[in-house]
């Protein structure tokens with residue numbers, strides 16, 4: 001099973017596809033210099049396979065490349081961050 005993640009900028013979300021079909025997404029809001037990672041949703045058939053963590057990792061790497069800050073509203077992303085503290089320096093609190 002191959003999967004890919006891309007930033008769907010017009011719709012403000014990172015999209016996860018599996019074998020070419022959408023399997024999940026991570027919505028975000030962007031305000032000057034900061035991206036709020038707002039909500040993660042994974043299709044039921046892919047739940048429990050680490051797909052939410054893959055989305056979060058891709059988002060953090062992309063946001064780091066763009067030199068932006070991160071605000072976290074999504075519990076799944078907060079959980080990811082607890083396991084990957086190397087991204088803590090990017091996070092701002094509301």
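Per-peptide packing, taken as the mean over residues of other Cβ atoms within 10 Å, places 83-91, 22-30 in the sequence 22-30, 83-91 from highest down.
Extension gain for the segment residue 6 to residue 66, taken as residue separation times 0.36 nm less the Cα-Cα distance, is 20.1 nm to one decimal.
Taking the fewest neighbouring Cβ atoms within 10 Å as the starting point, the ordered list for 62, 36 is 62, 36.
Between the beta carbons of residue 82 and residue 21, assuming R0 = 22 Å, the FRET efficiency works out to 0.15 to the nearest 0.05. Annotation: the residues 34, 9, 40, sorted from fewest to most other C-beta atoms within 10 Å of their own C-beta, follow the order 9, 34, 40.
On the principal axes of its alpha-carbon atoms, the range 3-88 has extents of 34, 29, 19 Å, going from largest to smallest. Which whole-number percent gives the relative contact order of the chain, counting Cα pairs below 8 Å spaced six or more residues apart? 21 percent. What FRET efficiency comes out for residue 92 versus residue 41 if R0 is 30 angstrom and r is the Cβ-Cβ distance? Round to the nearest 0.05. After rounding to 0.05, the efficiency reads 0.80.
Every number here is computed from the coordinates shown, using simple stated rules; none is lab data. All values reported here derive from a predicted model rather than from experimental measurement. Note: ideal-geometry Cβ built from the backbone for every residue, glycine included; neighbour counts use all protein chains shown.
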